[in-house]
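Colleague: Can you read through this structure? Questions will come right after.
The values are calculated or read from the model by the stated rules, or taken from the named source; none is laboratory data. From a predicted model like this one, the values you see are computed outputs, not experimental measurements. All Cβ positions, glycine included, derive from the backbone under ideal geometry; neighbour counts span all protein chains shown.
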Amino acid sequence: MTSDARAPAEKGAAARQTPARAPFARVAPEAVLGVEVVTRFAPGDLNDICDAAESAIEAGGGFGWLRSPERPLLESYWKGILVVPERILIVARIDGVICGSAQLVRPSPGNEAQAFAVQLQHAFIAPWARGHGLARLLMEKAEVLARTEGFDVITLDVRETQERAIRLYEALSYVRWGRNPFYARVDGKPVAGLYYWKDLRRAEDEPAGGAAA
């Protein structure tokens with residue numbers, strides 16, 4: 001459950017002051033940043049996460065969509081995530097407003113051979129919220145959750161064009177093991193995809209390097 005305990009009116013006022021509602025505004029230096037697991041949406045959360053996802057899709061990353069779908073479809077997608085037992089939704093917030101998310105996907109109950117590994121999917125931060133270290137916080141939260149659930153390895157894949165994400169993953173000691181030249185097709189042209197893994201047993205005692213995203 002989300003830990004945002006502010007009243008809906010207060011949260012709505014904060015939301016209207018964020019760049020999600022005013023794309024050319026800047027996030028205040030004293031803004032409160034945070035990440036958390038969400039199991040149900042508080043008032044305003046569904047709208048916020050849809051706004052953030054639309055911004056990320058338009059910027060070219062984080063999802064399989066090339067263009068943002070109609071809002072009802074996007075809302076159904078996020079509502080559906082919360083009822084899938086294998087998925088854990090982690091969100092990033094600025095002043096209580098959702099500005100990004102990531103999903104941990106557990107292996108299906110019948111996949112005993114791969115029960116030790118969890119996959120990270122659809123990690124994104126809305127363009128207006130970048131530069132505050134939230135992408136790193138999302139990744140660190142995901143790794144803590146994965147260890148807590150007993151997983152030894154975390155895997156992910158990413159379009160080769162998502163350079164910011166790639167820099168972060170490699171700074172956090174993710175190991176690139178493969179490249180698929182036909183991972184995606186954008187504007188009729190193939191886009192390569194990169195595949196990564198991280199051994200959480202080794203990483204637990206090793207400091208992460210690199211700069212914050």
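Colleague: Within the stretch 148-159, restricting attention to residues that are over 17 Å from residue 191 (Cα atoms) and assigned to a strand (DSSP E or B), which residue is farthest from the chain's Cα centre (by Cα)? Walk me through it before giving the result.
Modeller: Step one: list which residues in the stretch 148-159 are over 17 Å from residue 191 (Cα atoms), which gives 148-155.
Subset that is assigned to a strand (DSSP E or B): 153-155.
Numbers: 153: 18, 154: 14, 155: 14 Å.
Of everything passing the filter in the stretch 148-159, 153 is farthest from the chain's Cα centre (by Cα).
Colleague: Also, I was wondering about something else. With 172, 145 as the choices, which residue is under 19 Å from residue 85 (Cα atoms), modelled with pLDDT of 95 or more and of a type outside the set (Phe, Trp, Tyr)? Write out each step before concluding.
Modeller: Values: 172 fails: under 19 Å from residue 85 (Cα atoms).
Checking each option against the conditions leaves just 145.
Colleague: Additional query: For the stretch 40-85, which positions are in contact with a Leu (Cβ under 7 Å, 6 or more places away or on another chain), among the hydrophobic types (A, V, I, L, M, F, W, C) and farther than 13 Å from residue 122 by Cα?
Modeller: Correct list: 50, 82.
Let's see how each residue does on (1) assigned to a strand (DSSP E or B); (2) charged (D, E, K, R); (3) under 19 Å from the mean Cα position of the chain (by Cα):
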residue	(1), (2), (3)
131	no, no, yes
140	no, yes, yes
146	no, no, yes
161	no, no, yes
183	yes, no, no
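Colleague: Within the stretch 111-134, take every residue that is among the aliphatic types (A, V, I, L, M) and out of contact with any Asp or Glu (no Cβ under 8 Å at 6 or more places or on another chain) and give me the one that is surrounded by the most Cβ atoms within 10 Å (Cβ to Cβ).
Modeller: Initial filter on the stretch 111-134 (among the aliphatic types (A, V, I, L, M)): 113, 115, 117-118, 120, 123, 125-126, 129, 134.
Checking which are out of contact with any Asp or Glu (no Cβ under 8 Å at 6 or more places or on another chain) leaves us with 113, 115, 120, 123, 125, 129, 134.
Details: 113: 8, 115: 15, 120: 24, 123: 25, 125: 30, 129: 26, 134: 23.
Checked the stretch 111-134; the qualifying residue surrounded by the most Cβ atoms within 10 Å (Cβ to Cβ) is 125.
Colleague: Which residue is nearest to residue 85 (Cα to Cα), if the candidates are limited to the stretch 20-45 and must be modelled with pLDDT of 95 or more and surrounded by 18 or more Cβ atoms within 10 Å (Cβ to Cβ)?
Modeller: Of everything passing the filter in the stretch 20-45, 38 is nearest to residue 85 (Cα to Cα).
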